[in-house]
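Below: one structure, written as structure tokens.
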Amino acid sequence: MTWRDWINYDLENQFNPRVFLGAETERQLNAWAVASKEADILLRRMGGQFDVEYGPHPLMRYDQHIPEDRDQTAPIIINFHGGYWRSLDKADMRCHVHGLTSAGFEVFNVNYPLCPEVKVTEIIACAVMAVRQILKTLATAAPSQPISSIILMGHSAGAHLALSVSKDKAIMPHLRGVVAISPIIETEVVRHISANRDIRFDEIEAKGLNLLTYPPPTNGRYYFVIGSREPSGWIDQSVELFTQLTRSGSDCKLYIIEDGAHFDICDTLCNSESVDSSRLIDWLKLST
């Protein structure tokens, strides 16, 4: 089913997670803020850099986190935060980034300009710029070695960015997979919900960024994660893209986190004691 099959069934609740979850959204994001402040202290004790510029806009910045016990054989993760392209910040994801670095991964945590100041097409271009610069940085750090393999990862709108960036021809040779956590896929539906007051999709842009119509590479590796407590319309879009990519020959995994909602599935995935986290870590380590 695509979003059009849900057009008579409350698109706002089906495709706007903050509305669907109501007060739970604020509680969850507040918990992230507290946990990320604590994680920030730990991350700053590690090797790496904060707020590295990749462009002129104040939000065109990324953090690089290098764990002391980094697994040299593991791919490097490049992460994009969610927020429907109009809110949140890389700092909000530091609690989750710390979970990944604790597992031995080097992580680049990327910020980008937000709607309504810019359009989503511009945000994607910024994300591509960030990844290209990261690849150059990695190549400069070890000029005699091939560039390490990378994993693009994102939550919600960040997952849409990760999947969109995977189409860039300069990035493809170094890409070993995409982790899409509760992704936005069917951008055309956004024109019919309140979020579009900030996102400002017109028909042409929304159609052009729909990942079912213009999918990521069909020879890639993809790891989709959604929560069982997400609305059916939202779940369907991941199932549709997973099915489409699988039929095209891609190596795809799709997991549903039991009793998981849109935001707390990130907590589960980065909790070293959870089965879902262990499964993701195993997949990541097989991405070299």
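Rule-based calculations on the coordinates, nothing more; no lab input. What you see is a predicted model; the values in this text were computed from it and never measured. A quick note on method: Cβ atoms are made from the backbone with ideal geometry, for glycine too, and the neighbour counts reach across all protein chains shown.
Each residue of the range 177-186 is assigned a 3J(HN,Hα), and the resulting list reads x, 10, 9, 10, 9, 6, x, 7, 10, 9 Hz, derived from the Karplus form 6.51 cos²θ - 1.76 cosθ + 1.60 (θ = phi - 60°), x at Gly and Pro.
If both residues of a DSSP beta bridge must be in the chain, then about 25% of such bridges are antiparallel. With all pairs of separate Cα atoms included, the range 1-75 yields a Kirkwood hydrodynamic radius of 16.4 Å.
Were the residues from THR137 through GLN49 laid out at 0.36 nm apart, the gain over their Cα-Cα distance would be 30.5 nm.
Dipole of the chain, Cα-centred, from +1 at each Lys and Arg C-beta and -1 at each Asp and Glu C-beta, to the nearest 20 debye?
It comes to approximately 800 debye.
Given the C-alpha atoms of the range 59-171, compute the convex hull and give its volume per residue in Å³. Don't skip to the answer; put the middle values down first.
On the way: hull volume 10.4 nm³, N = 113.
Dividing the Cα hull volume of the range 59-171 by its residue count gives 92 Å³.
The residues neighbouring CYS252, those whose beta-carbon lies less than 13 Å from its own, together hold a net charge of +1 under the Lys/Arg +1, Asp/Glu -1 convention. Treating cross-link reach as a plain straight distance, find the aspartates and glutamates whose alpha-carbon is under 17 Å from the alpha-carbon of LYS90, omitting any fewer than eight places away in the same chain. Once the sequence-local aspartates and glutamates are set aside, what remains near LYS90 is GLU38, ASP40, ASP51, GLU53, ASP63, GLU106, ASP264, ASP267. Neighbour counts of C-beta atoms inside 10 Å place TYR54, TYR255, TYR112 in the sequence TYR255, TYR54, TYR112, starting with the fewest. Here the gap between GLU258 and ASN8, fully extended at 0.36 nm per residue and compared with their Cα-Cα distance, gives a gain of 87.3 nm. Specify the inter-centroid distance of the range 216-288 and the range 1-40, based on alpha-carbon positions, in whole Å. Taking the Cα centre of the range 1-40 as reference, the centre of the range 216-288 is 17 Å away. Using a 7 Å offset from Cα along Cα-Cβ at SER194, what residues in the range 14-39 end up with backbone N under 17 Å from the label point? It comes to 14-27, nothing else. Exposure proxy ranking for LEU161, LEU209, LEU286, based on other Cβ atoms within 10 angstrom of each Cβ and starting from the fewest, stands as LEU286, LEU209, LEU161. Of the trypsin sites (Lys or Arg not before Pro) found in the range 23-100, those that fall in a DSSP loop while having at most 11 other beta-carbon atoms within 10 Å are ARG45.
Loop sites here are GluC sites (Glu not before Pro) outside DSSP states H, G, I, E and B with no more than 15 other Cβ atoms within 10 Å. The longest part of the chain free of them is 118-257. Tell me the net charge near LEU269. Cut-off is 11 Å between Cβ atoms, LEU269 excluded, with +1 for each Lys or Arg and -1 for each Asp or Glu. Overall, the nearby charge balance is -2.
What list do you get for THR101, THR213, THR2, THR140 if you sort them by fewest beta carbons within 10 Å?
THR140, THR213, THR2, THR101
Largest GNM mean-square fluctuation among PRO113, PRO183, PRO217, using the chain with Cα springs under 10 Å: PRO217. Under 5 Å between amide hydrogens, built in the peptide plane, is the criterion, and for LYS253 it picks out TYR222, TYR223, PHE224 among residues at least 5 positions away or on other chains. Taking a span of 27 Å or more along the helix axis (Cα atoms) and a mean Kyte-Doolittle hydropathy of at least -1.0 as the rule, the DSSP H helices of the chain that qualify are 23-44, 120-141. The translational diffusion coefficient of the chain, from Stokes-Einstein at 10 °C and 1.306 mPa s with a Kirkwood hydrodynamic radius over alpha carbon pairs, comes to 84 µm²/s.
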